[in-house]
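To start, the structure itself, in structure tokens.
The values are calculated or read from the model by the stated rules, or taken from the named source; none is laboratory data. All figures in this text were calculated on a predicted structure; none of them were measured in a lab. When we count neighbours, we look across all protein chains shown, and the Cβ atoms used for this are built from the backbone with ideal geometry, even at glycine.
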Amino acid sequence: MRLIGLTVVFAVSMFLAPLAAHSQQERSVRWIGFLGPRSPSETARFLKAFRQGLSGPGWVEGKSITIEYRFAEGKVERLPDLAAELLRRHKVEIVVVEGADAAHVVQRLSTTIPIVMRLLDW
């Protein structure tokens, strides 16, 4: 769990790092999307580790980044609608997904937004 969390944080940080100088000039907040097939309570441990990992390189939720969350609550058939809403409503620059199903849904909706996938540990 910890290693997977660190791997995801590393991937997101590598994407956001080149934006750091740019964002300092513009003072804008970076948007990260999160799409998961489970509930917030089932994902809580990972999300806590993810936020802590991002704060190490200086990405703080609510200050330098905003994370927009969508949870399918165990209903995988909801993923396409949730992903579409996430991508339509916000200018997310990267999407963190849990599992291959969520990754495939986001891939079908966007060919330009980077996707970082976390394998599920049901």
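Quick notes on this one:
- Qualifying residue in the range 40-49 (condition: over 15 Å from Arg118 (Cα atoms), surrounded by 13 or more Cβ atoms within 10 Å (Cβ to Cβ) and out of contact with any Ser or Thr (no Cβ under 8 Å at 6 or more places or on another chain)): no
- Residue that is farthest from the chain's Cα centre (by Cα), among those in the range 104-122 that are surrounded by 19 or more Cβ atoms within 10 Å (Cβ to Cβ) and outside any strand (DSSP E or B): Val105
- Scanning the range 50-82 for residues that are among the small types (Gly, Ala, Ser) and either touching a residue at least 24 places away in the same chain (Cβ under 8 Å) or surrounded by 12 or more Cβ atoms within 10 Å (Cβ to Cβ) (or both) returns Gly53, Ser55, Gly56, Gly58, Ser64, Ala72, Gly74.
- The set of residues from the range 39-67 being at pLDDT 95 or above and either in contact with a Leu (Cβ under 7 Å, 6 or more places away or on another chain) or basic (Lys, Arg) (or both) is empty.
- Restricting Ile67, Ile32 to those that are within 19 Å of Leu119 (Cβ to Cβ) and in a strand (DSSP E or B) reduces the list to Ile32.
- A single member of Gly99, Gly36 is modelled with pLDDT of 90 or more, of a type outside the set (Phe, Trp, Tyr), at positive phi and surrounded by 15 or more Cβ atoms within 10 Å (Cβ to Cβ), and it is Gly99.
- For the range 70-103, the set of residues classified as in a helix (DSSP H, G or I) and among the charged types (D, E, K, R) consists of Glu77, Arg78, Asp81, Glu85, Arg88, Arg89, Asp101, listed by residue number.
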